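Q: Before I ask anything, here is the structure I am working with.
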Amino acid sequence: MAMGTKMTMPFRMMSMSPGMPSSSPPTQSPAPTSLPLRTIPGSYGWPLLGPISDRLDYFWFQGPETFFKKRIEKHKSTVFRTNVPPTFPFFAGVNPNVVAVLDTKSFAYLFDMDIVEKKNILVGEFMPSVKFTGNIRTCAYLDTSEPQHTQLKNFAMDVLKRSSKVWLSELVASLDTMWDTIDTDVSQKGSGSYLIPLQKALFKFLVKSLTGADPSKSPEIAEGGYVMLDKWLALQLLPTIKIGILQPLEEIFLHSFAYPFFLVSGDYNKLYQFITDEAKELLLYAKTEFGLNQEETVHNLLFILGFNAFGGFSIFLPGLISRIASDTALQEKLRNEVRQNSGPSLSFESVMKMPLVQSVVYETLRLSPPVPMQFARARKDFQLSSHDSVFDIRKGELLCGYQPLVMRDPEVFDDPESFKADRFMGEEGRELLSYLYWSNGPQTGSPSESNKQCAAKDYVTLTGSMMVAYLLKRYDSIKGDSASITAVEKAVK
C-alpha cells in the first residue's frame, strides 16, 4: 500500500474509531415539540445606554461567563435578548442586539443552514476590515448560499486531504524539536515555558503540511512567522475578547475601536509573498482544479493557516498539555493505554485504538472550546425550542451562543462543571458526541460545502490525540501548569 493511502485512511475512517459513532447524519435543528410558546425574555435597553451597560458588564464588571449566567438566572431562561460587544463609540453599523441561545437544544439551530445564514458573522455583527485578508471575503465569512463558498470549501477540504500524506511525519518532527527545547530548559533552569516552543512548532508543522512550503527557506519567516500571525490575529479580534488587563485601560484602548490593518500590513505582505514564492505547486493546483486565482488562493490559505489552524491550536493545545501535566493519576491511566496500543512508534491507526486518549481530547474541547462564541442570522421566521419552551425568531435576528456554558448543559452532561476523562467512552459516551459543538457543528457531523463546519474537525481531534499519546510515550512523568513544565522523567527506551 502506498504511503499516501496509509496516511489518509485514518481520516476517512474516523467515524469507525472506538471514540466515534458509526454514522454522521447531516446537521438539523431539533424537531418541533409541544412545549409552551413563550415570548423571548430580556431587552436591549435604551439606545446607546443599554449596549454600553452590557458591554461594561461583559468585559469589566462580570466577564463573559458570569454575564450570561446571571441573565439566565434573571430571566429563568436559556434563551433571552441582550447585547454583546463591540459597541459604541467607534463601531458604526455594528448592531449589538442578539438573541442568546445557551442550552444544547437551542444552540443546535445555529447549524441548520436551511433556517440560518452565516454571511459576515464569523465573530458576530462586527466584521474585521477585509484589508486584513487582501480586500476579499475569505471562505469563513461566506454563507453557504454564496456560489464561491462551495468552490473555496471544497478547496480547503482538498488541501487537508493532500496534507494527510505528511501530517503525521511533520507533526512528530515538530513535537521532537519542541520537547527537546523544553527538556533543555527544565534541565538548565528548573522549568521551561511551552507556549512559545509550541507556537514555533505549530507554525512550522502547519505551513509545511498545509501549503507544502518550507519556512526554513526564509530565515525571517522561520524565526518570526508565528509572531506575525499572532499580531495579525490579535488586531482583528481585540474588540471582541476580554484580555484581563487593568481597567479602564482595556475598555479605552482595546474595546472602543477597531485597529487598522496598516499596523501589521508589512508582516502580512511578507507572509503573502512567502506563500507565493514557496507554494507554487499548490497555487497551480488551485488554479487548474478549482479555478482560483493567486490572490484568492493565497489569502484563503493564510486565513486557514493563521486564523483557523494556528489560532485554534494555539488555544486548544496549551489547555490539553496543562490538563495532563497537572494530573498524575490521569497520566498513569493514559500511559498504560498508550503503551499497550502504540507499538514501536505512534501512528494514526494506533491512536484510534485509544478511547481514553480520545475522550480526554473531547472533554478538553467540551470545557474549553477554542472558539467560545458562535453566531447565526435567521434566514427566515421560525420557531426555536429550548429544553422547556418554544420561541418565535424573526428573519434577520442574530443568534448568539456561548459554548462554554452550552457544553455544560446539565440536561445533557452529568456533573457538567467537572472534567471527567472517560466521559466520552462507551456507548453512552459516544452518544454525547452529538452535543459536542466546538467545530461549528456537532462532533458527529461531517464538513461539506453545504455547511459551515470546520473542514479540519477530525484533523484537530486526531492531532490532539497524537499530542497526548506522544507525551505519554516520551515521558514516564511530567509536571507543569498552564504555561510551564517544571519536571520531566523521560521514558527508558
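Q: Just for helices (runs of 4 or more DSSP H) wholly inside region 389-490: which have at least 2 residues that are within 29 Å of ASP183 (Cβ to Cβ) and either open to solvent by less than 20 Å² (accessible area, probe 1.4 Å) or not aromatic (Phe, Trp, Tyr) (or both)?
A: Numbers: elements: 403-406, 426-432, 457-474.
Output list reads 457-474.
Q: Test ASP381 against the criterion of being open to solvent by 10 Å² or more (accessible area, probe 1.4 Å), within 30 Å of SER145 (Cβ to Cβ) and acidic (Asp, Glu), and give yes or no.
A: Working: open to solvent by 10 Å² or more (accessible area, probe 1.4 Å): yes; within 30 Å of SER145 (Cβ to Cβ): yes; acidic (Asp, Glu): yes.
Answer is yes for this residue.
Q: Could you list all residues from region 331-355 that are of a type in the set (A, V, I, L, M), open to solvent by 10 Å² or more (accessible area, probe 1.4 Å) and either closer than 19 Å to ALA173 by Cβ or not in a loop (DSSP other than H, G, I, E, B) (or both)?
A: If we filter region 331-355 for residues that are of a type in the set (A, V, I, L, M), which is where we start, we get 334, 338, 346, 351-352, 354.
Remaining after also requiring open to solvent by 10 Å² or more (accessible area, probe 1.4 Å): 346, 352.
LEU346 - this is the single residue of region 331-355 that is of a type in the set (A, V, I, L, M), open to solvent by 10 Å² or more (accessible area, probe 1.4 Å) and either closer than 19 Å to ALA173 by Cβ or not in a loop (DSSP other than H, G, I, E, B) (or both).
Quick grid of which residues meet (1) within 30 Å of LEU472 (Cβ to Cβ); (2) touching a helix residue (DSSP H, G or I) at 6+ places or on another chain (Cβ under 6 Å); (3) free of Cβ contacts under 8 Å to residues at least 12 places away in the same chain:
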{"position": "GLN358", "(1), (2), (3)": "yes, yes, no"}
{"position": "TYR362", "(1), (2), (3)": "yes, no, no"}
{"position": "ALA378", "(1), (2), (3)": "no, no, no"}
{"position": "ASP388", "(1), (2), (3)": "no, no, no"}
{"position": "PHE391", "(1), (2), (3)": "no, no, no"}
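Q: State the number of residues belonging to region 60-87 that are over 20 Å from PRO41 (Cβ atoms) and touching a residue at least 12 places away in the same chain (Cβ under 8 Å). Explain how you work it out, then say what you get.
A: At the first step, the residues of region 60-87 found to be over 20 Å from PRO41 (Cβ atoms) are 60-61, 63, 85-87.
Remaining after also requiring touching a residue at least 12 places away in the same chain (Cβ under 8 Å): 60, 63, 85-87.
Total satisfying the criteria: 5.
Q: Being out of contact with any Ser or Thr (no Cβ under 7 Å at 6 or more places or on another chain), of a type outside the set (Ser, Thr, Tyr) and either crowded, with 24+ Cβ neighbours inside 10 Å or in a strand (DSSP E or B) (or both) is the filter here, so list the residues in region 75-100 that pass it.
A: PHE80, ASN83, VAL84, ASN97, VAL99
Q: A further question on this structure: Can you confirm whether ASN336 is out of contact with any Pro (no Cβ under 6 Å at 6 or more places or on another chain), among the polar types (S, T, N, Q) and under 28 Å from ALA234 (Cα atoms)?
A: When the stated conditions are applied, ASN336 does not pass them.
Q: Among the residues of region 310-317, is any surrounded by fewer than 17 Cβ atoms within 10 Å (Cβ to Cβ), in a helix (DSSP H, G or I) and modelled with pLDDT of 95 or more?
A: Restricting attention to region 310-317, the residues satisfying the condition of being surrounded by fewer than 17 Cβ atoms within 10 Å (Cβ to Cβ) are 315.
Those still in the list that are in a helix (DSSP H, G or I) too: 315.
If we keep only those that are modelled with pLDDT of 95 or more too, we end up with 315.
Yes, region 310-317 contains a residue that is surrounded by fewer than 17 Cβ atoms within 10 Å (Cβ to Cβ), in a helix (DSSP H, G or I) and modelled with pLDDT of 95 or more.
Q: Checking PHE205 against (1) hydrophobic (A, V, I, L, M, F, W, C); (2) closer than 21 Å to ARG162 by Cβ; (3) touching a residue at least 60 places away in the same chain (Cβ under 8 Å), which single condition isn't satisfied?
A: So the condition that PHE205 fails would be (3).
Q: State which residue is least open to solvent (accessible area, probe 1.4 Å) when the search covers only region 31-54 and only residues that are touching a residue at least 60 places away in the same chain (Cβ under 8 Å) and among the aliphatic types (A, V, I, L, M).
A: The extreme case among them is ILE40.
Q: Within region 253-299, how many residues are open to solvent by 50 Å² or more (accessible area, probe 1.4 Å), assigned to a helix (DSSP H, G or I) and over 30 Å from TYR58 (Cβ atoms)?
A: Number satisfying all stated conditions: 14.
Q: Separate question: Of everything in region 166-180 that's surrounded by fewer than 18 Cβ atoms within 10 Å (Cβ to Cβ) and of a type outside the set (Asp, Glu), which residue is nearest to ASP481 (Cα to Cα)?
A: It comes out as THR177.
Q: Identify the residue in region 212-247 that is among the polar types (S, T, N, Q) and open to solvent by 10 Å² or more (accessible area, probe 1.4 Å) and, among all such residues, is farthest from ARG137 (Cα to Cα).
A: The first filter runs over region 212-247 and keeps only residues among the polar types (S, T, N, Q), leaving 216, 218, 236, 240, 247.
Filter once more, so that each one left must be open to solvent by 10 Å² or more (accessible area, probe 1.4 Å): 216, 218, 240, 247.
Numbers: SER216: 30, SER218: 28, THR240: 19, GLN247: 34 Å.
Only one residue tops the list, namely GLN247.
Q: Hey, another quick one. Just the residues that are crowded, with 17+ Cβ neighbours inside 10 Å, hydroxyl-bearing (Ser, Thr, Tyr) and more than 18 Å from GLU397 (Cα to Cα), please, taken from region 111-143.
A: Passing the criteria: THR133, THR138.
Q: Residues in region 55-73: is at least one surrounded by fewer than 19 Cβ atoms within 10 Å (Cβ to Cβ) and touching a strand residue (DSSP E or B) at 6+ places or on another chain (Cβ under 6 Å)?
A: No - not one qualifying residue is present in region 55-73.
Q: Checking the structure you have, find out if any residue of region 184-197 is part of a helix (DSSP H, G or I), modelled with pLDDT of 95 or more, more than 19 Å from PHE313 (Cβ to Cβ) and of a type in the set (Asp, Glu). Spell out the reasoning first.
A: Narrowing region 184-197 to residues part of a helix (DSSP H, G or I): 184-189, 195-197.
After this cut, where a residue has to be modelled with pLDDT of 95 or more as well, the list is 184-189, 195-197.
After this cut, where a residue has to be more than 19 Å from PHE313 (Cβ to Cβ) as well, the list is 184-189.
From what's left, of a type in the set (Asp, Glu): 185.
Yes.
The values are calculated or read from the model by the stated rules, or taken from the named source; none is laboratory data. This one's a predicted model, so the numbers in the text were calculated from it and none came from an experiment. FYI the Cβ positions are ideal-geometry reconstructions off the backbone, even for glycines, and counts take in every protein chain you see. Side chains included, ligands, DNA and RNA excluded: accessible areas come from the protein's heavy atoms. Shrake-Rupley method; radii C 1.70, N 1.55, O 1.52, S 1.80 Å.
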